[in-house]
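Structure first, commentary second.
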Amino acid sequence: MPLAPSHFLLSCFLMSLLAYTIKQSASRFSARTITKPLISRAMHIQSIPMWEGTGNNYAYLVTDDKSKESVIIDPANPPEVLPVLKEQTESGAIKLSKIINTHHHHDHAGGNSEILKHYKLPIIGGKDCTQVTTTPSHKSQFTIGESIKVTALHTPCHTQDSICFYFEDGSERAVFTGDTLFIGGCGRFFEGNATEMNKALNEVLASLPDDTKVYPGHEYTKGNVKFAKKVLDNEAIRKLDEFSQANKETQGKFTIGDEKQHNVFMRVNDPDIQSLTGGKDAVEVMKALREMKDRS
Ligand SMILES: [Zn+2]
């Protein structure tokens, strides 16, 4: 039966309405699919330089952007760190939840007592850190806010209580290495030996994904490159040399993958370094390199 003109018009109207609704939801769906990667949050890392010109230390304030939960890593010099914490906690930009220490040395854990006078916080760190609350076991994990996953990596050598903290937030990865790994170098073996540093650098840290950004406890890159150039000549070392001449700060600019190329302490199997040091295995080379660096 043919439709009456009024029914025909009504059907046309309903069909266009249906088509419009489908189009709208399709465009909403595709917009959502496209913007998804943009709304996936990355952790926010703020460097706080301390004792610039002498110790050249770094404290780091790491924040989960959505919940605003923050941790402060190695806040060793309160006069330089407290104003940053005060401003951001008072404005509501962050909710400070923990102090994290990479090891017990005074220029890393020495600010704990003073910070505790202003903020009641647990301290996560090595067993010898001042007023430590919890020493996480090797490879144990905790979270910051909703999205940052932290893994504690025991790396004894510089001190026996040295812990590196590996942070993951979606596709973003960072490792806070204290005085174990520097950009282009490593810490002195105060409480450990070459076997331990070789394990820390070339087994524990080397096993992290290559795109993990490195945040060390000090800005020592210029001195480290100067030494690296005496030991080895490669493209990566030349690039690091150029970068460190042009930039005062190098933290977070290089990855574990870069360190495997330009850090001589992570190239203990390089035949050129082996022949220079006379070392036949990784540990012998590590020992010889550290002794050469200490004398340089
Ligand atoms: Zn130290």
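Things to note:
- Of the residues Pro209, Val231, Phe182, the one whose Cα sits farthest toward the positive end of the charge dipole of the chain, with +1 on the Cβ of Lys and Arg and -1 on the Cβ of Asp and Glu, is Pro209.
- Value of relative contact order over the chain, rounded to a whole percent, pairs C-alpha under 8 Å and six or more apart: 12 percent
- Cα shape, the stretch 109-196, gyration tensor, a/c 1.5 rule: oblate
- Rounded, prolate or oblate (a/c below 1.5 giving rounded, otherwise prolate when a/b exceeds b/c) for the stretch 199-296 by Cα gyration tensor: oblate
- Rounded if a/c under 1.5, otherwise prolate or oblate - the stretch 137-291, Cα gyration tensor axes: oblate
- Net lengthening on full extension, Glu114/Gln131 (0.36 nm per residue, minus Cα-Cα): 5.0 nm
- Rough spin-label spacing in nm, given labels placed 7 Å along Cα→Cβ, for His106 and Ser207: 3.6 nm
- Listed cross-link partners Lys66/Lys117; Lys127/Lys230; Lys68/Lys149; Lys66/Lys213 are compared with a 25 Å cut-off, the Cα-Cα value being larger for Lys66/Lys117; Lys127/Lys230.
- Relative to the longest principal axis of the Cα atoms of the chain, helix 78-90 runs at roughly 10 degrees.
- The calculated FRET efficiency for the pair Leu232 and Thr195, based on their C-beta separation and a Förster distance of 25 Å, comes to about 0.65.
- Simple rule: put +1 on each Lys or Arg Cβ and -1 on each Asp or Glu Cβ in the chain, find the dipole, and look at Thr63, Thr135, Ser147; the Cα lying farthest toward the positive end is Ser147.
- Angle in degrees between helix 5-39 and the longest Cα principal axis of the chain, rounded to the nearest 10: 0 degrees
- Among 122-132, 242-252, sorting by the average number of other beta carbon atoms lying within 10 angstrom of each residue, highest first, gives 122-132, 242-252.
Values in this text are rule-based calculations from the coordinates and carry no lab data. Please read all numbers here as calculations on a predicted model, not as lab measurements. Ideal geometry is used to build each Cβ from the backbone, glycine not excepted, and the neighbour counts take in all protein chains shown.
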